Amino acid sequence: MGFKSKSYTLLPQGELEPLTSKQTKRWNLRRVSQWAIPCVLAGVVILALVVNQITKNGDDIIPAPKGEACPQYPALEATSEEQRALENDLEDELSSEDFFNKSLKRMQGAIQIATESFDDMGEVGEDHRWDVFIGFQEYLEKTFPLVFSKLDVQKINTYGLLIEWKGKDDSLKPYLFMGHQDVVPVLQDTVSRWTYPPYSAHYDGRYIWGRGGSDCKNVVIGVLEAFETLLAKAFEPERTMLVSFGFDEEISGWHGAQFLADHILKTKGKNSLDLVLDEGGLGIQNLYGSKFILPGVGEKGYVDVRVTVETAGGHSSVPPDHSGIGILSRVVAAIEDKPYEPELTPVNPFFTTLQCGAEYGTEIDSGLQKAIKKALTSKSAAKSVANRLAKDDIRQRYLMQTSQAVDLVSGGVKVNALPEKVFAVVNHRVAVESSVKEVRANLEKVITESILPKFSLSLDAWGSVSGNTSSTSFGQIILSDFDIPLDPSPVSPYDTDAFKTFTGTLKQVFGKEYIVAPSLMTGNTDTKFYWDLSKNIYRFSPVREEGRANAHTVDERIGMKEHIEGVKFYAQLVLNGDRK
């Protein structure tokens, strides 16, 4: 099949003659109008996409950190021949067999005194269960004669111990060493499960077994041993050294640490301390194949919420579709069905822990390492790291999110009577990015959205009333504080001279190869009362991971070798505190 030859042009057929200038101008305008509108539309779309991406990226960007992601400071060394000689003498004594035997007896004697504190303790002077601290303090006075004879010792609220070792240079703010004298009770039902009796302080050649061995009579005895040893060598510090030992830390410290902190605040003033050191931290351990020391520079918040359901009650032979207990169970289920999400931000000290792991861990997964480093500037990368770690390790999960746990429930007094009032208590450990206010708001929202539409009830959330408040209401749900709430602590800085001295001492005692990484505590210590006294508050029990076990439970124990290493750390920190 043949085709006729045709002349194909962009011109109308038959217009074979050259165009005039007027025609050419009109033709050019026609071409411009033909393509201009599509081009403009395409440009607008592209611009919108670019702006959207910029906005998206902007929302995803974390401001670049100032300085290094995981700053490290060198191990300290003696600043004079005199100090070096003293350090060598101190090392020889603390490493001797004679000191080991004396320290063993001191620790055993302390553990054998059952200084238990109970949640229902009455006021000091009224509840005779406090009297056990009389015997314990008599033991301390007998065991550490130089401390109690040469230093200023005050008893605050009867059993709180405040010791002051006056320094020669008043221009240097004091260091404060903290600890607590009390221990958690041993349940009688668990005594048979202990390898050795809980207050026998049995030494098996490696560990001392007993309640309080690792929480925290090792700290109390260790600090006093360090002071006693230095006093015996006629050492006089340039900087004033303080010791503050509460006696009810295990029941929140309202009788002990609160009174001690108030006294120091009144006598020394706000921000009067250069460094505060208490028990805690995540210890000394291997992380991602490398050796790490993990002091706590912050603590999560704490709030217990009481959820009460009040209904009409009546005889159980004619029950409503849902009793008060049934409604409370729905409330508990609704709360547990909506857990908090893990978040990882630079505000959280655990963020820096991970950056240190990515920087110095020799066996860290390469994908995780890249994601952690990317999280320095990317919110989405930080979120992916949070989700991955939360899925893999429940302990790491709660370093990044608010926890909620229903720990108490009560309701009903008789099998054939519908309960009129039932309640549950929900314990929260509040993430550092959050607050008590946000926890309250979240609980109110969960009940408002999940429970009130299903039940004809009113809701009283800390005095704010909503829901069905008419006479047709079946009852009410009440949200209230079960205990005094606590917002997350301020995060202590890790670039100050105090922190450099603290971490330099850690490396000096435990080894220059260790990486010191700031970390977060999920629990709370007595330091919550000391926030106004110093910005440099650090929580660290100087015990290697393998040297302690089972705090608060059966077979608690402490390794003697590790305990003495802790004494060396406390003594060295006193010596290094003289640096200006």
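The values are calculated or read from the model by the stated rules, or taken from the named source; none is laboratory data. Just so it is clear, the model here is predicted, and its values are computed rather than measured. We place every Cβ from the backbone using ideal geometry, glycine too, and count neighbours over all the protein chains shown. Each accessible area value is taken on the protein alone, full model and side chains, heavy atoms only, with ligands, DNA and RNA left out. Shrake-Rupley method; radii C 1.70, N 1.55, O 1.52, S 1.80 Å.
Of all the numbered requirements in (1) open to solvent by less than 30 Å² (accessible area, probe 1.4 Å); (2) assigned to a helix (DSSP H, G or I); (3) within 18 Å of Leu520 (Cα to Cα), Leu344 misses one, and that requirement is (2).
Listed here are the residues, each with its yes/no results for (1) in a strand (DSSP E or B); (2) among the aliphatic types (A, V, I, L, M); (3) more than 26 Å from the chain's Cα centre (by Cα).
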| site | (1), (2), (3) |
| --- | --- |
| Phe235 | no, no, yes |
| Arg239 | no, no, yes |
| Ile264 | no, yes, no |
| Leu277 | yes, yes, no |
| Lys291 | yes, no, no |
| Val303 | yes, yes, no |
| Thr308 | yes, no, yes |
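Taking region 191-225 as the range and being assigned to a helix (DSSP H, G or I) and under 28 Å from the mean Cα position of the chain (by Cα) as the test, the residues that pass are Lys217, Asn218, Val219, Val220, Ile221, Gly222, Val223, Leu224. Taking region 113-163 as the range and being β-branched (Val, Ile, Thr) and in contact with a strand residue (DSSP E or B) (Cβ under 8 Å, 6 or more places away or on another chain) as the test, the residues that pass are Thr115, Val132, Val147, Val153, Ile156, Ile163. Tallying residues that are assigned to a helix (DSSP H, G or I) and in contact (Cβ under 8 Å) with a residue 12 or more places away in the chain within region 66-118 yields 18. Residues considered: Asp532, Asp495. Of these, the only one that is open to solvent by 40 Å² or more (accessible area, probe 1.4 Å), part of a loop (DSSP other than H, G, I, E, B), in contact with a Lys or Arg (Cβ under 8 Å, 6 or more places away or on another chain) and not hydroxyl-bearing (Ser, Thr, Tyr) is Asp532.
Evaluate region 424-434: report whether one residue or more is farther than 30 Å from Phe351 by Cβ, outside any helix (DSSP H, G or I) and touching a strand residue (DSSP E or B) at 6+ places or on another chain (Cβ under 7 Å). Yes, the conditions are met somewhere in region 424-434. Can you tell me which residues in region 445-464 are among the polar types (S, T, N, Q) and more than 14 Å from Leu328 (Cβ to Cβ)? Within region 445-464, Thr448, Ser456, Ser458, Ser464 qualify.
On the stretch given as region 159-190, residues that are within 30 Å of the chain's Cα centre (by Cα) and touching a residue at least 24 places away in the same chain (Cβ under 8 Å) total 22.
In summary, Asn576 fulfils each of the numbered conditions (1) closer than 22 Å to His180 by Cα; (2) more than 19 Å from the chain's Cα centre (by Cα); (3) open to solvent by less than 10 Å² (accessible area, probe 1.4 Å) with the single exception of condition (1). Report whether or not Ile335 is modelled with pLDDT of 95 or more, β-branched (Val, Ile, Thr) and within 27 Å of the chain's Cα centre (by Cα). Judged against the criteria, Ile335 is a match. Among the residues of region 456-492, the ones that are loosely packed, with under 13 Cβ neighbours inside 10 Å, without any contact (Cβ under 8 Å) to a residue 12 or more places away in the chain and of a type in the set (S, T, N, Q) come to 2 in all.
Here Glu238, Glu249 are screened, and the one residue that is open to solvent by 10 Å² or more (accessible area, probe 1.4 Å), among the acidic types (Asp, Glu) and over 28 Å from Val184 (Cβ atoms) is Glu238. Of all residues in region 368-391, at least one satisfies being over 30 Å from Gln476 (Cα atoms), touching a residue at least 40 places away in the same chain (Cβ under 8 Å), among the aliphatic types (A, V, I, L, M) and assigned to a loop (DSSP other than H, G, I, E, B). Every condition in (1) among the aliphatic types (A, V, I, L, M); (2) open to solvent by less than 40 Å² (accessible area, probe 1.4 Å); (3) not in a strand (DSSP E or B) is met by Val413 except one, and the failing one is (2). A count restricted to region 65-113 and to residues that are within 28 Å of the chain's Cα centre (by Cα) and aliphatic (A, V, I, L, M) stands at 4.
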